[in-house]
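See structure below.
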Amino acid sequence: MRNQSMPVLFDRFFSEPDGRFVPRTGPRTTQPAIDLIEASDHYEVVADLPGVTREQVEVEFEDGVLSLRGTRPVAETPDSDARWARRERRSGDFSRAIAFREEVEVAAIEASVKDGVLRVRVPKAERRKPRQVTVN
C-alpha cells in the first residue's frame, strides 16, 4: 500500500459500499462513472458503459447495496496488419457498488442499457416517500 498515491487510497476508501477499506486482490477491475439521481419516489443510477450490451452487465441488490458488474469487450484493431499507436479506452472487468442507507422496493428495481448507458431505477419504499398531510 505504500506505493499508492494518496488520491488513489482516498478513492478506494470512499468507493467501498460501507466506507471500509478492503485491499483488492485478484484481477484488476475498473469502476464505471455513475450519476445518482434522487427523486421524491425513486433513485436512478446512470452508468457509462460504452460498448457493453445487456448480456455483458449484471445488476444485483443485496443487503442495501446495488452492485453493477460485467465485462467490457476488448476493442480490436480495424485491420489485421494494424497496431495500436495509443490505447486509452478500457476493456475487461468492471464493478461498482452503491450503498443505499434507506429502504427501497427491491422487487420493483428496473434496469436497461441503451447506447452504452445503463439506467437502474430503484423505487423508494412506500413508508420512506414524502407524504402530504391535510390539516383540518
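The numbers here are math on the coordinates, done by the rules we state, and not lab data. Owing to the predicted nature of the structure, the values given are computational and were not obtained by experimental measurement. Note: ideal-geometry Cβ built from the backbone for every residue, glycine included; neighbour counts use all protein chains shown.
Residues checked against (1) in contact with a Pro (Cβ under 7 Å, 6 or more places away or on another chain); (2) not acidic (Asp, Glu):
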| site | (1), (2) |
| --- | --- |
| Gln31 | no, yes |
| His42 | yes, yes |
| Glu62 | no, no |
| Ala97 | yes, yes |
| Ala125 | no, yes |
Qualifying residue in region 70-84 (condition: basic (Lys, Arg), over 30 Å from Arg127 (Cβ atoms), surrounded by 14 or more Cβ atoms within 10 Å (Cβ to Cβ) and in contact with a Leu (Cβ under 9 Å, 6 or more places away or on another chain)): yes
Cβ-Cβ under 6 Å pairs, at least 6 apart or on other chains, region 98-126 side among the acidic types (Asp, Glu), far side part of a helix (DSSP H, G or I): Glu102/Arg128; Glu103/Arg128
